[in-house]
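No lab work stands behind these numbers, since they all come straight from the coordinates. None of the values given here were measured: they were computed from a predicted structure. Neighbour counts are summed over all protein chains in view; Cβ atoms, including those assigned to glycine, are modelled from backbone coordinates with ideal geometry.
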Amino acid sequence: MTADFVPDYLLDLRAAQRPAMPRVSCIVPAYNEADNIALLLTTLNALLAKDGYEHELIVVDDGSRDATVEEVLKLQATLPVTLIQLSRNFGKEIALTAGIDHCDGDVAVLIDGDFQHPPEVIPDFLAHWRRGYDMVYSVRASRDGESLAKRWFTRTFYTLLNLGSALKIPENTQDFRVLDRCIIEALKAMPERNRFMKGLYNWVGFTRLAVTTHTNDRMGGVSSFNLWRLLQLGLTGLTSFSNVPLRVWTFMGSVISLSSICYALHVMISTLLWGTDLKGWPTLIVATSFLGGVQLLSIGVLGEYIGRIFTEVKLRPHYFVSRLHKAGSKEDPVDQ
Ligand code: UDP
Ligand code: MG
């Protein structure tokens, strides 16, 4: 368990502000989780009820193509479940954003819908929140179950992301976390469309505690994050939280220019001293193609940033809700 340094008086102050009977919103992003969602919601409900929390369970259906919606609706008669149906698949980051926008608890719990995050640690997370921490987040104990390629990708990604950045995003953190209302409001105030949630949680600050937890295998269904989607998310994270990919070309440009000045001097001096025998075609080809490659690459990096600026300036809503089935509501679902 590690915490950013938080003075005791500040924790005590925050602890004193916690309501005696807090309302907990449990947010589950779900894409094709029909095999898991019913058991997960029942488990979460039992856990929170046991500790006497007043609670709501929010499932954000991210355009599932299986029976996820049906499974959740069946449970609405017995559990305090709100179902937010997004108009299509927007991806996990946006599904979490929709859940955060709609929750009304004093504190929110974010948890995956596939049992990879162990629900049994939630009471401990909430106890730390009551002690005064505004965010309690899970760090995975190990990445043993993951492929070598995914592990390598993650390691490289975090190294690049944190290169030269003062605000380090810790490696191996997960979306599994407890957020106080102050963090929920801070996240709601962040309007960006390219959302890398782990970066955003980190950016908002407040008092935080990391807790190491184990990660289970996915219970049913399959993971939606293939290498391509991970790469997309990685690029969003990098471009949203780091200028290093832009700056690296200034450095490369300087090194290449300096080397070419040195080479030009060398050619000039040797021609003056020994004349010329017209050698150097291979050098010319190598230099031209190398520079061509470097220029295309740097234009590609610029393009990545410009493409994201383009999505930001359009100011489109983050998502659309097609239907909102509120917990305990006898009325018809609200079409948005
Ligand atoms: N998820 C989502 N939208 C997506 C992909 C995933 O809401 O487009 C949800 C999914 O239902 C699960 C969580 O995000 O609750 C994590 O997804 P997954 O298990 O596929 O990813 P992994 O655990 O392999 O990183
Ligand atoms: Mg998973």
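Assorted remarks:
- Condition met for Val121 (in contact (Cβ under 8 Å) with a residue 24 or more places away in the chain and assigned to a strand (DSSP E or B)): no
- Test: residue in segment 38-46 that is farther than 21 Å from Leu179 by Cα and touching a residue at least 40 places away in the same chain (Cβ under 8 Å): yes
- Identity of the residue in segment 107-124, out of contact with any helix residue (DSSP H, G or I) (no Cβ under 9 Å at 6 or more places or on another chain) and within 12 Å of ligand 2 (Cβ to nearest atom), that ends up farthest from Asn216 (Cα to Cα): His117
- Only listed residue being more than 16 Å from ligand 1 (Cβ to nearest atom), touching a strand residue (DSSP E or B) at 6+ places or on another chain (Cβ under 6 Å) and within 28 Å of Asn172 (Cβ to Cβ), chosen from Val24, Val6, Val59, Val28: Val24
- Among the residues of segment 34-75, the one identified as of a type in the set (Asp, Glu), more than 21 Å from Asp124 (Cβ to Cβ) and part of a strand (DSSP E or B) is Asp61.
- Subset of segment 195-227 (residues that are away from ligand 2 (no atom under 16 Å from the Cβ), over 13 Å from the mean Cα position of the chain (by Cα) and either closer than 22 Å to Thr97 by Cα or among the aliphatic types (A, V, I, L, M) (or both)): Val204, Gly205, Phe206, Thr207, Arg208, Leu209, Ala210, Val211
- Any hit, segment 141-154, residues being aromatic (Phe, Trp, Tyr) and either closer than 13 Å to Pro22 by Cβ or not in a helix (DSSP H, G or I) (or both): no
- Just one of the listed residues (Leu235, Leu265, Leu272) is touching a helix residue (DSSP H, G or I) at 6+ places or on another chain (Cβ under 8 Å) and at negative phi, namely Leu235.
- Looking at Ala127, Ala166, just one residue is surrounded by fewer than 19 Cβ atoms within 10 Å (Cβ to Cβ), free of Cβ contacts under 8 Å to residues at least 12 places away in the same chain and in a loop (DSSP other than H, G, I, E, B), and that residue is Ala166.
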